[in-house]
1. Which residues, taken from segment 30-52, are over 20 Å from residue 98 (Cα atoms), surrounded by fewer than 20 Cβ atoms within 10 Å (Cβ to Cβ) and within 14 Å of the chain's Cα centre (by Cα)?
2. Answer yes if at least one residue in segment 20-29 is surrounded by 11 or more Cβ atoms within 10 Å (Cβ to Cβ), free of Cβ contacts under 8 Å to residues at least 24 places away in the same chain and either more than 20 Å from residue 99 (Cα to Cα) or touching a strand residue (DSSP E or B) at 6+ places or on another chain (Cβ under 9 Å) (or both), and no otherwise.
3. Could you check, for segment 104-114, whether at least one of its residues is farther than 25 Å from residue 31 by Cα and out of contact with any strand residue (DSSP E or B) (no Cβ under 8 Å at 6 or more places or on another chain)?
4. Please go through segment 2-19 and pick out each residue that is touching a strand residue (DSSP E or B) at 6+ places or on another chain (Cβ under 8 Å) and in a loop (DSSP other than H, G, I, E, B).
5. Starting from segment 1-18, keep only residues that are touching a residue at least 40 places away in the same chain (Cβ under 8 Å) and on the phi < 0 side of the Ramachandran plot, then list their pairs with residues that are loosely packed, with under 12 Cβ neighbours inside 10 Å and part of a loop (DSSP other than H, G, I, E, B) whose Cβ atoms are within a distance under 8 Å, requiring at least 6 positions of separation or different chains.
6. Tell me which residues, restricted to segment 103-135, are under 22 Å from residue 14 (Cβ atoms) and exposed (fewer than 11 other Cβ atoms within 10 Å of the Cβ).
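Values quoted throughout were computed directly from the atomic coordinates according to the rules given, and no laboratory measurement underlies them. Values in this document were obtained by computation on a predicted structure and should not be read as measured data. Cβ: placed from backbone, ideal geometry, glycine included. Neighbour counts: every protein chain shown.
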């Protein structure tokens with residue numbers, strides 16, 4: 001699929017690292033580095049502006065390496081970029097580690113996934129169909 005993009009960053013366009021990659025890495029577009037203290041959050045700009053077709057969203061998700069190795073994740077994961085949004089893509093990062101983390105210009109901070117979605121039309125009813133699970137939730141199927 002083709003998506004219109006404006007790149008006001010100092011970096012190349014996001015791209016898929018492998019033929020089977022679902023996401024493209026987003027890079028921090030910074031004039032100066034950002035220091036993120038433990039439990040602190042910030043919005044990191046990317047310099048990217050996109051025009052998605054109706055029926056699609058761009059999901060901003062954490063990078064697994066940053067999360068596992070440094071405790072850095074996307075706070076509202078997944079963040080959604082709607083098809084009618086024309087502003088700059090920003091990433092809400094949070095430091096869940098006990099150590100200071102410095103975000104440098106060009107650092108890969110998140111990944112972007114383009115996904116199709118549906119719009120729902122609600123049908124109000126008095127009861128729902130029965131299932132074997134019923135109202136069981138939050139671990140009701142066990143942990144092992």
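1. Once the filter is applied, which keeps residues that are over 20 Å from residue 98 (Cα atoms), surrounded by fewer than 20 Cβ atoms within 10 Å (Cβ to Cβ) and within 14 Å of the chain's Cα centre (by Cα), segment 30-52 yields only 45.
2. yes
3. No, there is no match, as no residue in segment 104-114 is farther than 25 Å from residue 31 by Cα and out of contact with any strand residue (DSSP E or B) (no Cβ under 8 Å at 6 or more places or on another chain).
4. Passing the criteria: 3, 8, 9, 11, 13, 14, 15, 16, 17.
5. From segment 1-18, the pairs are 5/13; 7/13.
6. 116
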